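None of the figures in this text is laboratory data; all of them are computed from the coordinates on show. The structure presented is a predicted model; accordingly, all values stated were derived computationally and were not measured. In this analysis, Cβ positions are derived from the backbone assuming ideal geometry, glycine residues included, and neighbour counts consider all displayed protein chains.
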Amino acid sequence: MKTTGWRSLVLYILGIGFLAGMVFFLACYFTQGGSWAMRASNVHLDGVNQLSGAGTITDRDGVVLAKSEDGNRVYHDNANIRKAMLAVVGDTRGYISTSVQATYRSQLTGYNPVTGIGSINDKNGGGSVELTVSSELSRIALQQLAGKNGAVAVYNYKTGEILCMVSTPNFDPANPPSDLDSDETGKYDGVYLNKALSSCYTPGSIFKLVTTACALENLPDLAQKTFQCTGKTIINGHEITCDAKHGTIDYRDGLAKSCNVVFAELAVELGADRMTKTAESMGFGEVFRVDGNPTRKSVYQVRDATDDELAWSGIGQHTNLANPTHMMILMGAIANDGVPVNPYLVRKITTHFGIPVHFGGTSQGPRLVREDTAKTLQELMRYTVTSDYGDNMFPGMQVCAKTGTAEVGGGRKPTGWMVGFSSNPDTPFAFAVAVEEGNYGRTSAGNIASAVMKAAAGKS
């Protein structure tokens, strides 16, 4: 009898385990079945590509960016717009994993858990996706990059709508180059990567905003401090150089003139622990998401740094890395008195039958900057523009900004950066621009930021 009882217990356990497994499988099937079926590796399912009967993708103004006709995926008729929108819209093969055509493949093809991919060749197509992005603004950003590699990102820091997200190098999805997958020269390195989301660059002087925030919160006598810049300072027996001899200078003009001596000495005075705490509170080491797609983490690591390495980190060098989308979000947070609005690309998804199944919307993220610190940074960044860059770069927008020229070594020219936001309530846009081998940030990234922000604000 004992043997029969144990056997019954084992059977009950197996039965319960089987039922639990079935419930789990069905739950996954209905919630994730689309992503299973619509993987890029499953192109054999329709013999050509999974987007042959997919629906339409439009920009914020209703401009059709991609659609399916007669079993083919068709893109906008302007090649420059096709290239500018590649990182956001995606390629036909789905290799750009963070793109709309990869992320929302099942919705675009009309996949459902009942008929599965049976509707993939439906001539009427699947669902449609409306984006927040402006294809014209993206075209201008690509034009301004002028053959340079890098990333441009702009969003409305009040609503969260991304207006522009461009990554280079890129290619024409309607006419992919024959050597795209075989090129050995490196001209297509990173072509399947949305660099705004999935890359990091040495930040250079834009990181001085983090050092400034740390100093504001930890040094009560900061406003009374002065520094002596002779073009260099010696820390731990190592020379930390500056591009100019600023003489006696305070932290406010130090930020405006981007004095390395000021921020090297501040970083050492603050120490690794306080610098790390501030950097982490401002999003370094964190993953941000855009419509579910993660950003690459920005990096600040100085726990084992020597004083001279800590000094270099304070001016944005050492091993520091910054993600462009994170920098854009951080700029939005500063503009919003410390609290960011989460960015999004997809405004609405509609099924083939005209039923809306998804709406993008405004949502706040966790605080990145203390309120009083954010307000002071607003003033300092505004002063940097008015006293150094000139308001003619951004007419009528009251832009607050900081440039960076990040040394990368290896015989390569510096990465040029500009980050900032408009404090004019009529143009609530935050931006981040990174240009590989752009050299001086003010002239490379600055010119791009100026042109794109003027276009976003509707100014000629």
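Under the combined filter of DSSP loop state and at most 11 neighbouring Cβ atoms within 10 Å, segment 287-327 retains these trypsin sites (Lys or Arg not before Pro): 303. On a per residue basis, the convex hull of the C-alpha atoms belonging to segment 389-452 measures out at 60 Å³. Using DSSP, restrict attention to beta bridges with both residues in the chain and report what percent are antiparallel, rounded to the nearest 5. Looking only at bridges with both residues in the chain, the antiparallel portion is about 95 percent. Rounded to the nearest 500, the 222 nm mean residue ellipticity of the chain from helices alone is -10000 deg cm²/dmol, with -39,500 (n - 2.57) taken per DSSP H run of at least 4 residues. Under the classification rounded if a/c is under 1.5, otherwise prolate if a/b is larger than b/c and oblate if not, where does segment 315-460 fall, given a ≥ b ≥ c as square roots of the Cα gyration tensor eigenvalues? Prolate shape, in that a/c is at least 1.5 and a/b is the bigger ratio. Loop-resident trypsin sites (Lys or Arg not before Pro) (DSSP state other than H, G, I, E or B) in segment 132-184 with no more than 15 further Cβ atoms inside 10 Å of their Cβ: 158.
For the chain, relative contact order (Cα pairs under 8 Å, six or more residues apart, normalised by length) works out to 15 percent.
Straight-line cross-link partners of residue 257 among the lysines, defined as a Cα under 18 Å from its Cα and at least 8 positions apart when in the same chain: 208, 225, 232, 245, 402.
Considering every alpha-carbon pair of segment 236-305, the percent of pairs per 5 Å bin, from zero through the bin containing the longest distance, is 3, 14, 18, 17, 17, 14, 9, 5, 2, 1. Between the alpha-carbon centres of segment 193-224 and segment 156-177 there is a gap of 26 Å. Checking the Cα-Cα distances for 158/348; 297/454; 158/375; 83/195 against a 20 Å cut-off, the pairs over it are 297/454.
Quotient of the Cα radius of gyration of segment 117-232 and 2.2 N^0.38 Å, N being its number of residues: 1.64.
Counting every pair of alpha carbons in segment 295-336, the share spaced more than 13 Å apart comes to 57 percent.
Within the chain, the proportion of Cα pairs with more than 42 Å between them is 25 percent.
The trypsin sites (Lys or Arg not before Pro) of segment 370-456 that DSSP puts in a loop, and whose beta carbon has at most 11 other beta carbons within 10 Å, are 412. By the Cα gyration tensor, segment 202-341 has an equivalent ellipsoid whose semi-axes, rounded to whole angstrom, run 26, 16, 13 from largest to smallest.
Screening the chain for DSSP H helices whose Cα atoms reach 18 Å or more along their own axis and whose mean Kyte hydropathy is at least -0.5 gives 2-37.
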